[in-house]
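Data first, discussion second: the structure below is written as structure tokens.
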Amino acid sequence: MKRDVLVLVLFLVLFSFFSVFFVRYTVGPSITITGYTINDTGVVKFYVGQIRTVVISSPENTTYNFDIGDPYLIDLNVSADFSVEAVDGWNYSLYDLRHDVYIEEDTLFTPNSSISAVRWSNLLTVSAHEEDGPWWSESVIFYVNVYLCKGKTPR
């Protein structure tokens, strides 16, 4: 009995030591290589099987120019290399990067239609639901300039 308790205590001490050593010297605090410490989080996804692709043909990662008072309508042309659910198979989210707010979130749409963007920076995420499978997504960032007077520089 005494021996079992001693072995258990020894095991706990060694386990604690190696846990602290492992966290301190392998995971450790944030490593500063560039002079800036990274405190953000990230996502790592592992897929077993074939990875599917959603392609956003429009909008592109570019600047779109509009005159003052015009609606900011932009073509939304997408495709996928897999069969998408016929009903409610496509949705998109539009995020206003300047104001840090969603303009649209998980909004259903039909490919090759148009969306109403916002002035300045937009993050568009398009998702497609594979038939009898998961959702697959792709994103693009684009910019909307507005000319305050026809023929003048954008603001």
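Throughout, read-outs are computed from the coordinates displayed, never taken from laboratory work. All of these numbers come straight from a predicted model, not from anything done at the bench. Note that each Cβ is placed from the backbone with ideal geometry, even for glycine, and that neighbours are counted across all protein chains shown.
Summing Lys, Arg as +1 and Asp, Glu as -1, what charge do residues with Cβ under 11 Å from the Cβ of G133 carry, G133 excluded?
Result for the local shell: -3.
What does the charge count near T110 come to, summing +1 for each Lys or Arg and -1 for each Asp or Glu among other residues with Cβ under 14 Å from its Cβ? Around T110, the surrounding residues sum to -3. Taking the charge dipole of the stretch 54-147 about its Cα centre, with +1 at Lys and Arg Cβ atoms and -1 at Asp and Glu Cβ atoms, the residue from I103, A80, T63 reaching farthest to the positive side is T63.
When each of V140, V126, V87, V9 is scored by the number of other beta-carbon atoms lying within 10 Å, the sequence from fewest to most is V87, V9, V140, V126.
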